[in-house]
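Asker: There's a structure below that I have some questions on.
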Amino acid sequence: MKDSLIEKIKHADSFTDDEKKALIQRLEVASKSGLIYEAKEEAIEKKLASKKPDLKEIKKRKVGTTGIAHRLIEGDNLHGLTCLKNKNESFDIIYIDPPYNTGNKDFKYNDHYVDLDDDYRHSKWISFMAKRLEIAHQLLKNDGAIFISIDDAEHARLKLLCDEIFGSQNFVANLVRKNKSGSGHDSKQIAVEYDYVLCYAKQIENLTFSKEDAGAENDPKYKHKDEHIKHRGKFYLRDLDYKGSYSPSLDYAITAPDGTEMWSGGALGKPNTWRWGKEKFQWGIENDYIVFKKQKDKWKVYIKQYQFVDNKNKKRQRLIPHRALIEFSNSTGSSELKNILNQDIFSYPKPTALIEFVLDLFAHKKSLHLLDFFAGSGTSLHATMLKNKADGGQRQCTLITNNENKICEEVTYQRGKKVIEGYKNKNGKSIKGLENNILQYYIASFKA
């Protein structure tokens with residue numbers, strides 16, 4: 001993209017030589033920052049363009065005989081994604097944990113590590129991600145969502161890229177995850193103990209997330225009791241007086257216990273009203289939802305707001321949207337992996353609880369299909385199987401990862417195999433397998 005723009009500028013008659021030079025300099029800066037990125041052809045793209053990508057099952061590596069079928073695909077994730085696209089597959093959830101591009105040998109482009117001092121470090125990373133996210137967008141169902149773990153190194157650029165591919169109107173949230181604590185004491189400035197999970201919908205009007213219990217049972221503001229506690233729970237007092245959009249039907253006189261007349265705000269007319277209309281207020285009196293209190297010769301009237309019923313005396317669970325501040329420690333992920341494989345062989349694996357949280361956002365669906373094409377240690381599969389065990393769900397998981405340093409064979413596959421078949425943890429305790437699962441092993445290949 002940058003090179004073609006430079007050529008156009010060089011041959012444009014509408015610019016002076018100085019203007020051309022200034023524009024080219026600005027393009028160079030923009031491309032180094034990743035705001036303009038090169039869509040250079042990777043070696044795998046050449047093969048994908050000349051051959052037919054395919055998935056070949058390695059049947060001898062199949063784990064389990066009955067239950068929910070999951071897949072592990074060994075190969076470059078661009079290759080694996082292309083295979084899934086060609087098969088017209090679709091997914092409810094995509095979760096990925098791509099390389100953060102910190103410059104510490106965590107990201108390869110065209111088979112070479114991208115160093116911190118590489119002028120085009122950001123441009124290369126964005127180019128790499130763009131190709132994969134474009135296919136991910138096609139694979140996502142219309143009511144689905146994608147979740148991408150990232151840190152400060154590429155967060156801003158990834159947000160811009162996702163706005164372009166998924167549409168800024170489909171941005172859902174930037175979840176801030178506390179990923180560690182008690183560390184960073186040697187930080188020169190500020191100890192950073194968090195990263196992010198960017199979430200985008202395929203079509204936000206079709207996305208419906210669950211809500212979480214507001215925790216009314218333990219909320220200290222519900223501190224009063226009355227004879228209705230068994231059915232209604234405790235309550236707090238809420239002022240019936242209200243200042244908002246004015247309505248004549250909410251502006252009427254209330255008779256206090258001593259027979260005096262009360263008006264909202266102490267006077268008839270705007271802007272004051274009551275929260276409830278006359279009929280609703282009379283219902284509140286008859287059903288013990290109203291409390292009068294006298295303060296310095298003036299009466300105040302309150303509504304009893306109960307824990308477990310609404311203002312129609314019907315049972316309810318108080319629900320609120322999930323919070324964007326979450327806490328799932330990487331140390332937990334490391335402990336989980338070490339417990340299964342009995343060795344430290346993977347840096348910063350995500351904890352299963354993070355993926356279970358993502359799955360819980362779709363709690364109304366227990367037959368979701370999750371795709372993770374930066375599968376790494378296999379946390380997504382493990383979490384999916386744990387969630388199914390907990391609630392009897394039928395969720396499926398498809399993983400894609402390369403086999404560099406035998407990560408697919410010796411980490412991702414071995415973890416899934418042990419979790420299904422059972423294993424002994426690092427303390428020698430036998431852990432029962434999650435037997436109602438099947439893991440099929442595929443290699444991203446090419447048709448002959």
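Rule-based calculations on the coordinates, nothing more; no lab input. What you are looking at is a predicted structure, and each value in this text was computed from that prediction instead of being measured. All Cβ positions, even for glycine, are placed from backbone atoms using ideal geometry, and neighbour counts span all protein chains on display.
Asker: Round to the nearest 10 and give me the degree value, 0 to 90, for the angle of helix 330-341's Cα axis relative to the longest principal axis of the chain.
Answerer: The angle comes out at about 60 degrees.
Asker: While we're looking at this one, here's another question. With everything on Cα atoms, drop me the angle between helix 77-86 and the longest principal axis of the chain, reported from 0 to 90° to the nearest 10.
Answerer: So the inclination is approximately 70 degrees.
Asker: Under a no-solvent Debye model with one identical scatterer per Cα of region 131-279, what's log10 I(q)/I(0) at q = 0.09, 0.11, 0.14, 0.19 Å⁻¹?
Answerer: Treating every Cα as an identical point scatterer, log10 I(q)/I(0) equals -0.66, -0.81, -0.88, -1.09.
Asker: Checking the table Lys225/Lys298; Lys47/Lys350; Lys85/Lys124; Lys85/Lys141; Lys270/Lys294; Lys56/Lys406 against a 22 Å threshold on Cα-Cα, which pairs fail?
Answerer: The answer is Lys225/Lys298; Lys47/Lys350; Lys85/Lys124; Lys270/Lys294.
Asker: Quick one: net charge around Gln396, please, counting Lys, Arg +1 and Asp, Glu -1 for every other residue with C-beta under 12 Å from its C-beta.
Answerer: +2
Asker: In degrees, nearest 10, range 0 to 90: what is the angle between the Cα axis of helix 17-33 and the longest Cα principal axis of the chain?
Answerer: 70 degrees
Asker: Whole angstrom only: what separates the Cα centroid of region 46-93 from the Cα centroid of region 156-214?
Answerer: 28 Å
Asker: Need one number for region 216-320: average projected area of the convex hull over its C-alpha atoms, nm².
Answerer: Here the figure is 7.6 nm², rounded to one decimal.
Asker: Sticking with this structure for a sec: Quick one: what are the phi-derived ³J(HN,Hα) couplings along region 122-128, Karplus 6.51/-1.76/1.60 with θ = phi - 60°, whole Hz, x for glycine and proline?
Answerer: Once θ is set to phi - 60°, the couplings for region 122-128 become 6, 4, 5, 5, 5, 4, 4 Hz.
Asker: Let me ask you something else. Seen from all sides and averaged, what is the projected area of the convex hull of the Cα atoms in the chain, in nm²?
Answerer: Directional mean of the projected Cα hull area for the chain stands at 33.7 nm².
Asker: I've got another one for you. When ranked by the protection proxy of mean other Cβ atoms within 10 Å per residue, highest first, what sequence do the peptides 428-435, 68-75 form?
Answerer: The densest-packed peptide leads the list: 68-75, 428-435.
Asker: Now a separate question. Under a straight-distance cross-link criterion of Cα-Cα below 14 Å, which aspartates and glutamates are reachable from Lys417, leaving out those fewer than 8 residues away in the same chain?
Answerer: Output for Lys417: Glu409, Glu435.
Asker: Using Cα-Cα distances under 8 Å and only pairs 6 or more residues apart, what relative contact order does the chain have, in percent?
Answerer: Over the chain, the number comes to 23 percent.
Asker: Looking only at the chain, where both bridge partners belong to it, what percent of the DSSP beta bridges are antiparallel (to the nearest 5)?
Answerer: 65 percent
Asker: Taking a ≥ b ≥ c as the square roots of the eigenvalues of the Cα gyration tensor of region 161-233, is the shape rounded (a/c under 1.5), prolate (a/b larger than b/c) or oblate?
Answerer: oblate
Asker: In whole Hz, what ³J(HN,Hα) sequence does region 271-286 give by Karplus (6.51, -1.76, 1.60; θ = phi - 60°), x for Gly and Pro?
Answerer: Residue by residue, region 271-286 yields x, 8, 8, 8, 6, 10, x, 4, 5, 5, 5, 5, 4, x, 4, 5 Hz.
Asker: Could I ask something else about it? Read phi for every residue in region 353-363 and hand back ³J(HN,Hα) as whole Hz from Karplus 6.51 cos²θ - 1.76 cosθ + 1.60, θ = phi - 60°, with x for Gly and Pro.
Answerer: Per residue, the Karplus-derived 3J(HN,Hα) values read 4, 5, 5, 5, 4, 4, 4, 5, 5, 10, 4 Hz.
Asker: To make sure I understand, if each residue's beta carbon is the centre and we count other beta carbons within 10 Å, what order do His382, His369, His79 fall in, fewest to most?
Answerer: The most exposed by this proxy come first: His369, His79, His382.
Asker: Counting only helical runs of four or more DSSP H residues, what would the 222 nm mean residue ellipticity of the chain come to if each run contributes -39,500 (n - 2.57) and the total is spread over all its residues?
Answerer: Value at 222 nm, helices only: -8500 deg cm²/dmol.
Asker: With respect to the cross-link table entries Lys234/Lys312; Lys221/Lys300; Lys211/Lys426, which display a Cα-Cα separation exceeding 27 Å?
Answerer: Listed pairs above 27 Å: Lys211/Lys426.
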